Structure formats: structure tokens, C-alpha cells
Amino acid sequence: MTTNNQLIKFTLGEQMFSLELSSVYSILGAESLQLENGPNDQIGWLVAKPKPIIVYSLAKRFMQKQTTIGPIIVLNSPEHKQAFMLKEILGIASREQTKFHNLPKTLSNSTNKFFNGILEINNDLFLNIDPTSIMAQNTEIVEELSGNNDLPKTDFTHLQNLSNPNIWANSKKQIFLSTTGLYTEDKKQILMGLSITQVCEIIETTKINPIPCASKHIMGFILYHNQPVVVIDIGYCLTKTSTELNTVNKLVVVRGLKVGELVAFPVGNKVSVYNLPILHKACKTNSLLNNKFILAAFEIEKSLLIIPNIE
């Protein structure tokens, strides 16, 4: 069988991945592995000539736990072969069966360089791995993963005294408000506000596909109208604690002010639209004023309103 235009599908944890079959030298069972933990995700080696082939945990390379022993793929390399342990191989697919999606800009501009796109195969989504990225030298991988993944810091102090924050008001003078399920230390409810023109749709919470090595504020991605959309954990952005989604949560899909790319946020079960202007006071909560994820913050009635930075 020719390996051109063929893909191998496999899993690590709950996430599904794909890889060009032309980059795979062989597929072996776990019984071929000589267990021996070592540095840089090494879990053992394979007996081969002229020298053994080191086996790495692909899960650990993606900052996940290696919970089970699974099949091993040996990849071609112009210098030397490397092998990686997977969880489960799902099969082979041809390029004709797939639909390719570019990575959202939020991911393609980050320090995560393992993936070159998202493949849709029979309504399932696969992160397509760039084989050269996982076969990089160990020192390069350490440098890649130890970099700063945070968003660039935004200077928003000049926004706090605006009487009419037109950066998020539109020509209709309406603002979309939603609950976040979060509260300040003095028990004030935290609301999220967006210009009504930024809001595309509120949808039911669907399967969020995790992205290995992504920044902690990125929950994963969904497929929205045939387009990959990154889901941002606003709870983590504010509290450094990951949000646990439940049946109450919904997802609001919004468009950035400058970039124009779609992103999604989990929101609570209460949403509303208000005409502007609304009575508000400047926020005095320092933890919010110095948060790079927040464009502006205001006190309204007995709640705190934050405007997320999605430029």
C-alpha cells in the first residue's frame, strides 16, 4: 500500500490525533518495548541494528500523563529513527476522506508548534501533528515548552475613567451581559460584557477538544459552522482556577475587535442585553485592574462588570 496521501489516526488520552503515514517507518506492539525510564520523556528502547531506537512517551511530550502501555510508532528521520508510544491506533484514512481546517490564529501565533492543522474525518476532529516538531532535539523541546505562553500585556489603565466606554459600545448602543458563576472576595457577582455586534451566537455546550501544551486559559476548540473556534476559560483568566463545565453552562461565540477571529467563552445561564449608557462606577479591585486578560472593569449596581480583552 502506498503511504502517500494516507494518514494514521490514534488517541492520547481522550483526544484524537493524526499523522502523515509517509513519516511512519513501522508500527509495533508494546511487547517490543524494553522498559527503561530516562530523561526527556524516554520510557524505553527497541532492539534494532545498528543501534537501539529510543522510545518516548508522546503523551508526556504533550504535557499529559502516560496512563497506559500502548502501541509504538517508529518515525523516519534523516539522522536517526525515533519511536513514540501511543494509547490506541484507530486506523488509516485517506486524504480524500478528510476536510482540512487551519489552526485558529490564537493557536498558530502561540508557542505551540506541534500541530499544523485540524482534520475533520467522518465528523470527528483530529489534531494533525507535524512529525518534525516531535522529532526535534530534546534541548529544543525543553526551550519550546518552557517559554512564556501568556498573552501580551495590555495597558488598559486609561480606560478606567471613561464615562462612556465606546470601545465596546456599538452604533446601537447596546451591550451583552452574561453571568460567569464567579464572585469577588466581597461577594459581588462578576458579569462579562461584550458589544452586541461582537456576539455571533449562544450555543449549547458541546464537546471541547483539548489542545496539548496550549496555555492554561485555553480550554480547547470546537467546530462552529465548519470553522475551528478556540474556547477561552474566562474563569481561569480571572482566578487562575480552571472552570468545571456543567449542563447549566452555555458557550457564547464572539468576534474580536481587531483581529476578527472567532473565540468562545463559557457563560452562565443568565444573559441579557442592555441599552447604553448604563449607570456605572470605576472598579477599585486591583486584582482585576492589573489583569492582562481584562480590557476594562466597572461596578454596576451590586455586580462587577468585566470586559474581556479579545483584541
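Before moving on, here are some points about what is shown:
- Full extension of the chain segment joining residue 120 with residue 281 gains 53.3 nm, where the gain is 0.36 nm per residue of separation less the Cα-Cα distance.
- Alpha-carbon gyration tensor eigenvalues x 5, square-rooted, for the range 17-77, Å: 17, 16, 11
- Here the dipole of the range 1-111 is about 180 debye; that uses its Cα centre as origin and unit charges on the Cβ of Lys and Arg (positive) and Asp and Glu (negative).
- Our Cα-only numbers for the range 53-100 put the radius of gyration and Dmax at 13.1, 34 Å.
- Long-range HN-HN contacts of residue 205 with modeled amide H, under 5 Å: 251
- Calculated Rg and Dmax of the range 6-145 using C-alpha coordinates, Å: 14.8, 43
- Its residues counted as N, the range 43-125 yields a C-alpha radius of gyration over 2.2 N^0.38 Å of 1.32.
- Listed residue pairs exceeding 23 Å between alpha carbons, taken from 9/216; 240/292; 51/113: 9/216; 51/113
- Charge tally in the Cβ shell below 13 Å around residue 208, where Lys, Arg are +1 and Asp, Glu are -1, residue 208 excluded: -2
Each value in this text was obtained by applying a stated rule to the coordinates, not by laboratory testing. Because the structure is predicted, anything quoted here is derived from the model rather than measured. For neighbour counting, all protein chains shown are included, and Cβ atoms are generated from backbone atoms with ideal geometry for every residue, glycine included.
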